[in-house]
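The values are calculated or read from the model by the stated rules, or taken from the named source; none is laboratory data. Predicted, not measured: the structure shown is a model, and the values here were computed from it. All Cβ positions, even for glycine, are placed from backbone atoms using ideal geometry, and neighbour counts span all protein chains on display.
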Amino acid sequence: MDLTVHIGHLKLKNPVMTASGTFGYGEEYSEFVDLNQLGAIVVKGISLKPMEGNPSPRICETSCGMLNAIGLQNVGLKRFLKEKLPYLRRFDTKVIVNILGNTMQEYKRLSEALDGAGVDGIELNVSCPNVKKGGIIFGTDKKILARLIGKVRQSVKKAVLITKLSPNVSNIREFSKVAEDAGSDAISLINTITGMAIDVETRKPKLANITGGLSGPAIKPIAVRMVWEASKAVKIPVVGIGGIMNAMDAIEFMLAGATAVEIGTANFVNPRVTIDIIEGIEEYVRRKGLHNLKELTGGLNAT
């Protein structure tokens, strides 16, 4: 069964990837998942220096999903290269590193170091709504986004460059095209949608940060729509993210135009969900008599 897909020049054994921030650095899930079976591991976002993240409480459940305001807590570039990347290199699975910064220079330094270290892909996080500086500003201004991608593009020679777009914009088609024109090899979407929750007994916000990023099944219809719109606007591959809980959800994204998918919140519910989704896609392809996944991507019958 041929489940291979291509993201730029990167060939994945199947279209199932992990979403940054929901799978740690891979090792945390290794007792539940054979990491060799995944299409790619997208690790927790990395910054130049370690980040402690936001104060607690940082996560709360909501109807059909969850809110998080972790604040991009991570070990920083130095520890990642020394401690985390060597472990991931044991496996026959592509490694994509999500990166974040407060300035364009920080993004540039991160991308240069990671490209030099031989990671397979770099995912630009320009869409996190849970940090005070940087973060979402890069993803909601087209001129700034184009400049950022252009600078990073100059630094990345070997790794595939993916831009993770924000859903908190008025026209996802325009931002997708900006990312393509500025040099992205692919785009991924959507990141979380800004939301908040209030404890009515205490009258206090449920998150110390007050607002957070909404993820899970609640955002899936929005994500599917945005993936469909983005795939119509660009020629580069689109990676679909948002509320994927099972194989049928993943296939829905692919029919909307996604070449691959990233699994996020579902990892917290079922640590083996990525494997279940790979097996479910394989069963669907066999049942439908498809030869490869190109027959699935963009296969929506809208007439």
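So here's what we get for this one:
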{"quantity": "Qualifying residue in segment 159-180 (condition: free of Cβ contacts under 8 Å to residues at least 40 places away in the same chain, among the acidic types (D, E), over 20 Å from T18 (Cα atoms) and in a helix (DSSP H, G or I))", "calculated": "no"}
{"quantity": "Check on A19, small (G, A, S) and either over 19 Å from the mean Cα position of the chain (by Cα) or more than 15 Å from D120 (Cα to Cα) (or both)", "calculated": "yes"}
{"quantity": "From K158, K143, residue being surrounded by fewer than 16 Cβ atoms within 10 Å (Cβ to Cβ) and modelled with pLDDT under 95", "calculated": "K143"}
{"quantity": "Subset of segment 205-247 [within 19 Å of G195 (Cβ to Cβ), of a type in the set (S, T, N, Q) and buried (at least 20 other Cβ atoms within 10 Å of the Cβ)]", "calculated": "N209, S215"}
{"quantity": "Residue list for segment 250-282, restricted to those being touching a helix residue (DSSP H, G or I) at 6+ places or on another chain (Cβ under 8 Å), within 13 Å of N14 (Cα to Cα) and assigned to a helix (DSSP H, G or I)", "calculated": "A250, I251, M254, T274, I275, D276, I277, I278, E279, G280, I281"}
{"quantity": "Residue in segment 17-28 that is at pLDDT 95 or above, under 24 Å from A223 (Cβ atoms) and not in a loop (DSSP other than H, G, I, E, B) present", "calculated": "yes"}
{"quantity": "Residues of segment 1-46 classified as closer than 15 Å to I278 by Cβ and charged (D, E, K, R), total", "calculated": "3"}
{"quantity": "Restricting segment 267-287 to residues that are exposed (fewer than 12 other Cβ atoms within 10 Å of the Cβ) and of a type in the set (K, R), the residue that is farthest from G26 (Cα to Cα)", "calculated": "R287"}
{"quantity": "Members of segment 1-34 that are without any contact (Cβ under 8 Å) to a residue 24 or more places away in the chain and either surrounded by 21 or more Cβ atoms within 10 Å (Cβ to Cβ) or among the small types (G, A, S) (or both)", "calculated": "G24, S30"}
{"quantity": "Residue in segment 231-254 that is without any contact (Cβ under 8 Å) to a residue 40 or more places away in the chain, of a type in the set (A, V, I, L, M, F, W, C) and more than 27 Å from G299 (Cβ to Cβ) present", "calculated": "no"}
{"quantity": "Enumeration of residues in segment 62-117 that are among the hydrophobic types (A, V, I, L, M, F, W, C), part of a helix (DSSP H, G or I) and either out of contact with any strand residue (DSSP E or B) (no Cβ under 8 Å at 6 or more places or on another chain) or modelled with pLDDT under 95 (or both)", "calculated": "L81, M104, A113, A117"}
{"quantity": "Residue list for segment 37-87, filter: surrounded by fewer than 16 Cβ atoms within 10 Å (Cβ to Cβ), over 19 Å from the mean Cα position of the chain (by Cα) and among the polar types (S, T, N, Q)", "calculated": "S56, S63"}
